[in-house]
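The values are calculated or read from the model by the stated rules, or taken from the named source; none is laboratory data. These figures come from a predicted structure and were not determined experimentally. Positions of Cβ are generated from backbone atoms using ideal geometry, with glycine treated the same way; all protein chains shown enter the neighbour counts.
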Amino acid sequence: MSIEGRTYPVDIYYIQKPISDYVRSSLQCVLNIHNSEPIESGDVLVFLTGQQEIEELVSLIEDSLFEAKKDNMLVLPLYAGLSLEEQMKIFDTVKDKRKVIISTNIAETSITIPSLRFVVDCGFVKERIYDYRSNRDCLVVTEISKSSARQRAGRAGRVMNGKCFRLYTEQDYEKLKENTIPEIQKSNLSDIILQMKALGIDNLVFFDFLSSPPSSHMAQSLETLYALGALDDSCQLTNPLGLQMAEFPTDPFVSKILLHSGNMNCSQEMLIICAMTSVRNVFVTSRQLQDRVEYVKRKFSVMEGDHLTYLNIYMSYLKNNKSSKWCYDNCITYKSMQRVEQFIHQFEKLLKRFSIPIKSIMDSNVGYGNIDPPIDTIRKCLISGYFSNAAQRQSDGSYKSVRGNDIYYIHPNSVLFKYPPEFVIFTELLFTTKVFMRDVTTIESDWLVEVCPQLFERSIDKKEREIQDRLLLLRNSEEE
């Protein structure tokens, strides 16, 4: 077996002074390359952190070409949300034009494009990490490591001599970590602990990890599992909940929701919602179709939030016989919907193994507790897993964590962005210009006490007492 390596030298260029906007600097760098190097010398690969930055740079380059009245450059975005057809365009051969591929780190290791000769590296990457302080998944833009920087530069030296333009100083490069932080040190350890407990490994503190996670992360994960009901007071897996959660190939929050859904007669709906959130985005994210996608999203939108909107999308997919044409007409990626089906079948097999009935709340005459409407039952079931992701709207339009002082904002892609409710739960956080909540659903505050009384009863009662005390003071001052 042989592994293809870089066989041609790559010249590295650094900027002289730090920059404040690497998207604008990427634009200038691309234009400089295009104006100073002949088209036949090769194509350009630009590394940015995510879809929003990529689409911004695509727009900036196209505007610059329009103003200069030039038509000798083909700008192609590359990120996971694009359809396969859009992604494959980067391999097309074009005549009398230079391809400029603007990509996330998806192009860092897995793709070789023979025509590439120039790389522009912004020096940052968007990573999914687990914030143990707030006990939530987060998407964070962070510096790359030296090994990643070398890997990016190497994309220009596969079939010819290349050049790499790093949009950071050489001094900043020397300050980068040598290697990327191991996944176990920045991920949620709850699922790992569940697996270890299921294997009979009880001495977690002295376990010989290849890269040991911080002890504080281990302690926080144990607390999370205890709150979910997966561990008992002796730090052993509960029977049956903890043992069953350990069988699921997903994070404990999702497995708790799925297992709890049987008690609430909404397991069919939760299978779909959990599968849809596992795929994360089923819509085509092409910039040219942005207006069309927004129109389609409004057609499926449900006022209760994103999770029920996902349910609505999948139910429409079923009503149209899982048609690829229906997906195309509604700007939905057919391949993503097939992945959703795979997740549903996988989760369903596990629920059946544990003798949890697959029921639809829509088929029942009554909801959870024999009193709730079906939509309320579904949202309460979501709280059983995402109880730590509850937030309350503030007077300035922001949201404050119910069990802390963290401030969040509803993501613009959410169906609730223009109609913010009083209380919400969310799936994950995205750190950009603000801390955004993604996959947001509206809830009632008393549901937190009803579903998780051991966690919320005291805090909710305390807040209500504070409000009553303030009202009393206000009345007394008015009487005086």
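Selection over the stretch 288-309 of residues that are in contact (Cβ under 8 Å) with a residue 60 or more places away in the chain and hydrophobic (A, V, I, L, M, F, W, C) gives a count of 3. Against the conditions (1) out of contact with any Leu (no Cβ under 9 Å at 6 or more places or on another chain); (2) modelled with pLDDT under 80; (3) surrounded by 21 or more Cβ atoms within 10 Å (Cβ to Cβ), LEU382 satisfies every one except (2). Candidates in the stretch 228-266 are the residues that are of a type in the set (Val, Ile, Thr) and touching a residue at least 40 places away in the same chain (Cβ under 8 Å); of these, the one that is nearest to ASN188 (Cα to Cα) is THR250. Among the residues of the stretch 41-57, are any more than 30 Å from the chain's Cα centre (by Cα), of a type outside the set (D, E, K, R) and crowded, with 18+ Cβ neighbours inside 10 Å? The answer is yes; a qualifying residue exists. Filtering the stretch 42-71 to residues that are within 20 Å of SER115 (Cα to Cα) and modelled with pLDDT under 90 leaves only ASP71. Among the numbered conditions (1) aliphatic (A, V, I, L, M); (2) modelled with pLDDT of 90 or more; (3) over 30 Å from VAL435 (Cα atoms), the only one that ALA390 does not meet is (3).
Counting the residues of the stretch 131-152 that are outside any loop (DSSP other than H, G, I, E, B), buried (at least 19 other Cβ atoms within 10 Å of the Cβ) and at pLDDT 75 or above gives 3.
Residue count for the stretch 95-108, restricted to those that are touching a Ser or Thr at 6+ places or on another chain (Cβ under 9 Å) and in a loop (DSSP other than H, G, I, E, B): 2. If you go through the stretch 202-254 one residue at a time, how many are in a helix (DSSP H, G or I), over 23 Å from the mean Cα position of the chain (by Cα) and within 30 Å of LEU271 (Cβ to Cβ)? The qualifying residues number 8. Is at least one residue of the stretch 211-230 in contact with a strand residue (DSSP E or B) (Cβ under 9 Å, 6 or more places away or on another chain), more than 29 Å from THR142 (Cα to Cα) and at pLDDT 90 or above? Yes, the stretch 211-230 contains at least one residue that is in contact with a strand residue (DSSP E or B) (Cβ under 9 Å, 6 or more places away or on another chain), more than 29 Å from THR142 (Cα to Cα) and at pLDDT 90 or above.
Looking at the structure I just gave you, is VAL23 surrounded by 12 or more Cβ atoms within 10 Å (Cβ to Cβ) and assigned to a strand (DSSP E or B)? No: the conditions fail for VAL23. Checking each residue in the stretch 164-184 for being loosely packed, with under 15 Cβ neighbours inside 10 Å and over 20 Å from the mean Cα position of the chain (by Cα) picks out GLU170, GLN171, GLU174, LYS175, LYS177, GLU178, ASN179. When the residues of the stretch 54-94 are filtered to those that are without any contact (Cβ under 8 Å) to a residue 40 or more places away in the chain and acidic (Asp, Glu), the one that is nearest to ASN413 (Cα to Cα) is GLU56. Could you please find all residues in the stretch 249-260 being over 18 Å from ALA198 (Cα atoms) and touching a Leu at 6+ places or on another chain (Cβ under 8 Å)? Across the stretch 249-260, the qualifying residues are ILE257, LEU258. For the stretch 393-415, residues that are at pLDDT below 95, aliphatic (A, V, I, L, M) and either assigned to a helix (DSSP H, G or I) or surrounded by 15 or more Cβ atoms within 10 Å (Cβ to Cβ) (or both) total 2. Which residue, of ARG117, ARG155, is crowded, with 21+ Cβ neighbours inside 10 Å, assigned to a helix (DSSP H, G or I) and touching a helix residue (DSSP H, G or I) at 6+ places or on another chain (Cβ under 8 Å)? Matching residue, one of ARG117, ARG155: ARG155.
Picking from residues in the stretch 185-215 that are surrounded by 15 or more Cβ atoms within 10 Å (Cβ to Cβ) and of a type in the set (Val, Ile, Thr), the one that is farthest from ASP232 (Cα to Cα) is ILE192. Scoring MET362 on the criteria (1) at pLDDT below 90; (2) under 15 Å from ASN263 (Cβ atoms); (3) touching a helix residue (DSSP H, G or I) at 6+ places or on another chain (Cβ under 7 Å) leaves a single failure, condition (2).
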